[in-house]
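Just below is one structure, and these are the notes that go with it.
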Amino acid sequence: MLLFIPFQAPARRAAMRAVSKSLAQVRPVESEHPNGEFELILSDGSADRDGEQLKAADWETPLPNKIHLDSDHAWANGMSVPLTVGSGRPSFDSHGRIVVRGVYAGTAHGQLVRQLVNEGHLWQASVSYLEHKQPNGRVTRELLNGTFCGVPSNPNAVVISSKSFEGGKMLNQAQIDAGFKALDASAQAALADLNAGRINQTKFDAIMDKAEQESAKLKAAKENRSRAMQYASLASPAEHGITGDPRQAAVFTQPARPKSAPKRNELALLPTHLSQEQWRAMHKAVEARAYGFTVAVADSPFGQQQIARMKARLESGGDKMMSVSDNVGLKATPSYSPLEGSPGSLLEPILLPDAFELRYEPDRVWSHFPGAEMTSQSQAYLRHTSNLAAAGITPEGQQIPDVQMQVAQFTATAVKVDGICSLTRELVDDYDSMSSFAPAELSRAVIDRETNYVINDPTAGLLATPGILTRNANNSVNGIDAVEAAKDDIRVATGAFGMADLVILHPTTWLSMRLTRATTGQYLLRQNEPMDYLGQQQADSFFGTKVVTNTYCPQSTAIVMDSAIAVKAFTRMGMEVMFNQFGDEEFTTFGVRYRAVERIALAVIRPAAICVVSGLLSNPAGGS
């Protein structure tokens, strides 16, 4: 069941009381992003004006990597694009609140909202979501977007900080490039004045010091703009410095002091400073994966001083990672893997907003079975197992036969599949994505264990269920025949009379079957289904029966079943992810723990509707 709930719909607005709460103050500060950035609490679990509570445990995780933010729920009126305020990354903080950190849009409307927030006229927000009713009756909420508004449903949803660029200035790439060119021209003019005797060395140094300070500001502005555009997805190709062919990005360097200026040695090298020999050396360094190299030109006073400093550092043991020659200095990387990279000397590494997850078996077998809710720790059910007599055709006035129906009671007991993830508080606080990444990874680990349990558990798994049918292919090339015969076994089995609709195989076993060929070299199984030719996705099929590959299914084994009548997937408690930082151990170690738990029970209702085929070939080379 999917229920769409738009916030502040007319009926809800009529029920709202004109009450406003503000639990946080806007704190305009200097920003690293030219468009300005914000931080707001989107949901904190408190009751809103309608009496609803959006608890942390009720939100579907992982939260979206990024959400759209508008004003006054513009998306509900089809105005989400023109009234976009910005975008940001939601995450849970240590109190279980959804906090969004993001960047304002560079549009007039986005900057208008930023100004209203910074001036204190706007300080509250609302959240939009979808409600999903789970089989166990629990309602979960899927986060959609947020909106800046004057009267939200939850008065505790507030903007807690709004950052604007220093002085309200916003430099575009053209302004930054023009600034660099102006500084370079100023440096050349100062050098000419020094050589002509119009200024002394002290005056020249003061001019160059000021130029270097301005250069650092421009460099910071360029880096901040690049980060802001990457974060908010607002950059055009031109704003990224890409002109002409979009695959070729422009290269920017901070202006170097004129080549012949004395007494300076911290200057950036331009391509014209390098000889062909030095370019070849750099190319060889890259090919050799000697990342993080430094070039010093020996025929210039700056290069000579730079090489002298490098040699002094080497002789003093200050840099064990560097070797120096008269032409090119290379920073080698012998003490760690080249895969880890080596930080350069000019730019600091920028952490990606998302971590890379640990991969698990992608197929969740549980999802292929019909589900049902459990109302107790165990679920009892009745099954009609047989009749002791058959129904008859009775003449008039004769006794009707009693079929003597046999009914048995069976019980499915819930098991708890769970796991705990322990992290340091520093890791959670220092990396914004960790508060949503950790619980998502833990949930995936629990699901992976669930899949192994469903197939291989020695007491409750599919392969260990008493009464299931079996068939042995005896390592025959004609394993395809054995699987097809298993479908017939289910069809004619007493008490089942099923129609196989699912085949579970190890990927290698399925590959071996798909590569099986006739003596003419033609594949026995079609490699493409008709829907594939129409450009539509189609699941693997075994003569019309759905095939699922799963690495937890043993190789050389196929589980053939009528999933609609064979099993029932009971859920006592859906996946629950909890957060705790107040336990004794967490308190003393400054740590946090996430706990993921689900309670499930797999009931095999009709064992004869399952046939396990063993002895299949698992040779990727196939057969002929």
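The values are calculated or read from the model by the stated rules, or taken from the named source; none is laboratory data. All figures in this text were calculated on a predicted structure; none of them were measured in a lab. Please note: Cβ atoms are built from the backbone with ideal geometry, for glycine as well, and neighbour counts cover all protein chains shown.
At a glance:
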item	result
Residue satisfying all of: in the range 182-205; within 48 Å of the chain's Cα centre (by Cα) and without any contact (Cβ under 8 Å) to a residue 40 or more places away in the chain; nearest to K217 (Cα to Cα) among these	A182
Count - residues of the range 138-152 that are in a loop (DSSP other than H, G, I, E, B) and either small (G, A, S) or farther than 16 Å from A74 by Cβ (or both)	2
Residue that is surrounded by the most Cβ atoms within 10 Å (Cβ to Cβ), among those in the range 454-490 that are under 10 Å from V613 (Cα atoms) and of a type in the set (V, I, T)	V483
Qualifying residue in the range 157-168 (condition: closer than 30 Å to G102 by Cα, at pLDDT below 80 and in a loop (DSSP other than H, G, I, E, B))	yes
Test: residue in the range 390-410 that is at positive phi and at pLDDT below 85	no
Subset tally (residues that are outside any strand (DSSP E or B) and within 19 Å of S376 (Cβ to Cβ)) for the range 399-414	1
Considering residues of the range 71-82 that are in a loop (DSSP other than H, G, I, E, B) and under 27 Å from the mean Cα position of the chain (by Cα) only, the residue surrounded by the fewest Cβ atoms within 10 Å (Cβ to Cβ)	V81
Residues of the range 44-67 satisfying the condition of being modelled with pLDDT of 75 or more and within 25 Å of K133 (Cβ to Cβ)	K55, A56, A57, D58, W59, E60, T61, P62, L63, P64, I67
Residue satisfying condition, being loosely packed, with under 14 Cβ neighbours inside 10 Å, closer than 30 Å to M578 by Cβ and outside the structural domain of D58 (by TED's automatic domain parsing), within set L427, L423	L427
So E441, is it within 27 Å of A566 (Cβ to Cβ), acidic (D, E) and not assigned by TED's automatic domain parsing to the domain that holds R97	no
Of all residues making up the range 376-398, the number that are in a loop (DSSP other than H, G, I, E, B) and β-branched (V, I, T)	2
Meets criteria (surrounded by fewer than 22 Cβ atoms within 10 Å (Cβ to Cβ) and out of contact with any Gly (no Cβ under 9 Å at 6 or more places or on another chain)) for Q581	no
Some residue of the range 525-538 being modelled with pLDDT under 75, surrounded by 14 or more Cβ atoms within 10 Å (Cβ to Cβ) and over 21 Å from I468 (Cβ atoms)	yes
Residue count for the range 452-473, restricted to those that are out of contact with any Ser or Thr (no Cβ under 9 Å at 6 or more places or on another chain), touching a residue at least 40 places away in the same chain (Cβ under 8 Å) and polar (S, T, N, Q)	3
All positions within the range 113-137 that are in contact with a strand residue (DSSP E or B) (Cβ under 9 Å, 6 or more places away or on another chain) and outside any strand (DSSP E or B)	V113, R114, Q115, L116, V117, N118, L122, W123, Q134, P135, N136, G137
From Q175, Q188, Q213, residue being modelled with pLDDT under 80 and out of contact with any helix residue (DSSP H, G or I) (no Cβ under 7 Å at 6 or more places or on another chain)	Q175
Check on T494, touching a residue at least 24 places away in the same chain (Cβ under 8 Å), touching a helix residue (DSSP H, G or I) at 6+ places or on another chain (Cβ under 9 Å), outside the structural domain of L143 (by TED's automatic domain parsing) and assigned to a loop (DSSP other than H, G, I, E, B)	yes
